[in-house]
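Data block below; observations after.
Coordinate-derived values only; no laboratory data. Quantities reported herein were computed from a predicted structural model and do not represent experimental measurements. A quick note on method: Cβ atoms are made from the backbone with ideal geometry, for glycine too, and the neighbour counts reach across all protein chains shown.
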Amino acid sequence: MNCENFKLNIADLFDEELSAEIKREMLEHIESCDDCKALYEEFSNAIKALTPKQEITPSAEFSARLDKAIAAAEPKRQPVRRVLFRIGGAVASIAAMFLVVVNILPATPAKAASGYFERAATKLGQAQSLFMRLSMRTLPAENFDYTDPSAEFVEHTIQRVGEAWRVDKGDRVAYSDGGQWWQWVESWNNGWKGYGSPSELVSLMVNPHLLLQFEQRLADEFSGVVYETRTDGGCYFVTVTSPALGDWVESNYMYMSSILESDSRREYAFDRRTKELLAASIYMLQGEQQVKVLTLDQIIYNAPMVADDISHLPESIEFVEPLKADSGSSFVGISARQAAIKTFEAMKVWDKELLAEAIPFVDIERLRDDYQGVEILEVKEAVRSGLYVGYFVPMKVKYRNGKSEELMVAMRNDTPSGGWILDGGI
Amino acid sequence: MKPERNKIIGRWAEAYQADLYRFARFSLGSAADAEDAVQDLFVRLASSSSDISAVASPRSFLIRSLRNLCIDRQRRRSLSVVPLSDKFDVAEENEAEVEVERIKRLLRELPAEQSEVIMMRTAQHLSFAEIAEVLDVPISTAKSRFTYGIDKVRKMLNDKK
């Protein structure tokens, strides 16, 4: 071994995993070379200076605290599998909510806010086209309603031209020509099509005037909401603090799973002269904490766009129509709980035809490995939660591999046939 | 709640909490921050649904995860100012804390990629192979970062004499 080699490999001498032979060679070298020996000693001293001699340990009570924290940790719900599509649920539930509210004369800030919401909604409704950029804490491929306060912000581009619109959140894109919609996730190579709106939040994104009309109605009629207003230069700001919307009597399963189903604070900025909405932010409130989950960063009214600019669909993806006329037709006239049991019994024996009807949103072949042979251990009564249009059926099942799991199976019957389909939770 | 998963995480916590604390103690500002980071790591693990049964080397896996978490925290706190008096109060509490601060002062002069390798070797007693696994770099890179860093500290100590 020469000096150059020794210097290059000196770190090896401080590694316990070094082979005995190389170590011997290196040690032999320093015996015969004073410079390298001096270097080695200085290296040893530097390493000694950087090696703690004291025990560096956490505080005495840390171990117990850690155990407690681990035991108390709640597993996060799996977003992808929870609910695949959420069509039309919020509109009905919100309408129902207004019916149960006691009418109280609105306080002055609410009244002032109501006026701004109304005029800004009109401006948005009148625009021939809209271009918006918003950021939301979610996952790029996840359903459009899914909001996760612990996720990073994902930018959404929203374009509306007349009745047509397009929303792009990176991995998941939706387009509608005003009648039919198409939605796809390129990375999953999956596409769906249908009519109406593919998601509650998408309805509000592409029709922001509906959100402002909703806020106006809330300001006029709902008493559990706090309003603050202020003016700053040419801007008028309204802050709305309101509790989670939806039905929480039976289950809080969907609580905090979307913006509308969370206690939230919504901040709107309006132009005092034109009355146009300029920007908005939404915070989810978790106890004392608040997390900003959505910001509307840019709105261009009457942006120079034509319908053709937003209408392109990916060629490689085959679009399936999840809700066919016969979807759920073998599940008519029974309860959500019975429908869930019937679906899992079909999984056990892998009744392909019945499963295709019961689980229209998923390619059932993909479920086969996990769910064929599944056994039901326990089924509780179905519950409603939040704004979800259907029911959740709490089940305990046992898989072929012997593992068991507790599920909240989402069942809904707002289908063309009126029969139940499985919409998530597996 | 998946009891099996939590049992594994509980075992990991018992076996590696001291190791992980030491790592966090050298990466973050105070003992309280370090405990907080280790607790956060395990709570996140317990509440996530990722598959942990396939983790071959829990120690490397945990240190790697904790390192990411510490980097994230350092970034977030890089703009906040810690009053000097706070640091001195903590450092005077016990000998171990004094030692941590002394070593951190030496390491502060080095690029982060060198100081972290040194710290993993001297305080965590990880082998270069383990360090390479945590950092996802070749072993030769881990060694050369160590060598360059130690060489700088060696010169600093010589200058002091």
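Structural remarks
- Radius 10 Å from Cβ of B:HIS125, net charge of other residues (Lys, Arg +1; Asp, Glu -1): -1
- Segment A:79-322: C-alpha pair distances exceeding 24 Å, %: 47 percent
- Short-range pairs are left out: with C-alpha atoms under 8 Å and at least six residues apart, the relative contact order of chain A is 15 percent.
- Ordering of A:369-376, A:292-299, A:20-27 by packing [mean C-beta count within 10 Å, highest first]: A:292-299, A:369-376, A:20-27
- Restricting attention to segment B:93-161, lysine pairs at least eight places apart or on different chains and with alpha-carbon atoms under 17 angstrom apart total 6.
- Take each residue of peptide A:40-50, count the partner chain Cβ atoms within 10 Å of its Cβ, and average: the result is 6.
- The distance from the alpha carbon centre of segment A:334-376 to that of segment A:146-204 is 28 Å, rounded to a whole number.
- Helix A:20-32 and the longest principal axis of the C-alpha atoms of chain A enclose an angle of approximately 50°.
- In order along segment A:133-144, the Karplus-derived 3J(HN,Hα) couplings, from 6.51 cos²θ - 1.76 cosθ + 1.60 at θ = phi - 60°, round to 10, 9, 10, 9, 7, 6, 10, x, 9, 5, 4, 5 Hz, and Gly and Pro are given as x.
- Both radii were evaluated on the Cα set of the protein assembly as shown; the Rg over Rh quotient, with Rh as the Kirkwood radius, amounts to 1.06.
- Between the Cα long axis of helix A:89-99 and the first principal axis of chain A there is an angle of about 60°, rounded to the nearest 10.
- GNM remark for chain A: springs join alpha carbons under 10 Å apart, and the peak mean-square fluctuation among A:GLU16, A:GLU61, A:GLU142 falls on A:GLU16.
- For B:LEU110, distant residues with modelled amide H under 5 Å away: none
- Annotation: amide H of A:VAL154 within the under-5 Å range of A:MET136, A:ARG137, A:THR138, sequence separation 5 or more or interchain, hydrogens built in the peptide plane.
- Backbone amide hydrogens, once placed in the peptide plane, bring A:GLU276 within less than 5 Å of A:ASP271, excluding anything fewer than 5 places away on its chain.
- Among A:THR415, B:THR141, the ranking by other beta carbons within 10 Å of each residue's beta carbon, starting with the fewest, stands as B:THR141, A:THR415.
- Listed residues A:LEU245, A:GLY424, A:ILE299: farthest to the positive end of the dipole of chain A (Cβ charges): A:LEU245
- Within the protein assembly as shown, the cysteines lacking any other cysteine Cβ closer than 4.7 Å to their own Cβ are A:CYS3, A:CYS235, B:CYS70.
- Ellipticity at 222 nm from helices only: DSSP H runs of n ≥ 4 in the protein assembly as shown, each -39500 (n - 2.57), divided by the residue count, give -13500 deg cm²/dmol.
- Restriction of the trypsin sites (Lys or Arg not before Pro) in segment A:323-413 to DSSP coil positions whose beta-carbon has at most 11 other beta-carbons within 10 angstrom yields A:LYS403.
- Cα-based radius of gyration of segment B:93-161 once divided by 2.2 N^0.38 Å, which approximates compact folds: 1.16
- Hz values of 3J(HN,Hα) by residue in segment B:138-146 - Karplus curve (6.51, -1.76, 1.60), Gly and Pro given as x: x, 4, 4, 5, 4, 5, 5, 4, 4
- Contact order relative to length of segment A:79-322, as percent, for alpha carbon pairs under 8 angstrom and 6 or more apart: 25 percent
- Of the GluC sites (Glu not before Pro) found in segment A:232-331, those in coil by DSSP whose Cβ has at most 11 other Cβ atoms within 10 Å are A:GLU288, A:GLU315, A:GLU318.
- In this Cβ point-charge picture (+1 for Lys and Arg, -1 for Asp and Glu), the protein assembly as shown has a dipole of about 900 debye about its Cα centre.
- Lysine pair count for segment A:329-424 with Cα-Cα distance under 16 Å and sequence separation of 8 or more or different chains is 9.
- Volume per residue for segment A:329-424 equals 88 cubic angstrom (convex hull of Cα atoms).
- Efficiency of FRET from Cβ geometry, A:ARG368 and B:MET156, R₀ 51 Å, rounded to 0.05: 0.20
- For the residues of A:10-16, the average number of beta carbons from a partner chain within 10 Å of their own beta carbon is 6.
- About the centre of its Cα atoms, segment A:364-418 shows a dipole size close to 20 debye [charges on the beta carbon of Lys, Arg (+1) and Asp, Glu (-1) only; nearest 20 debye].
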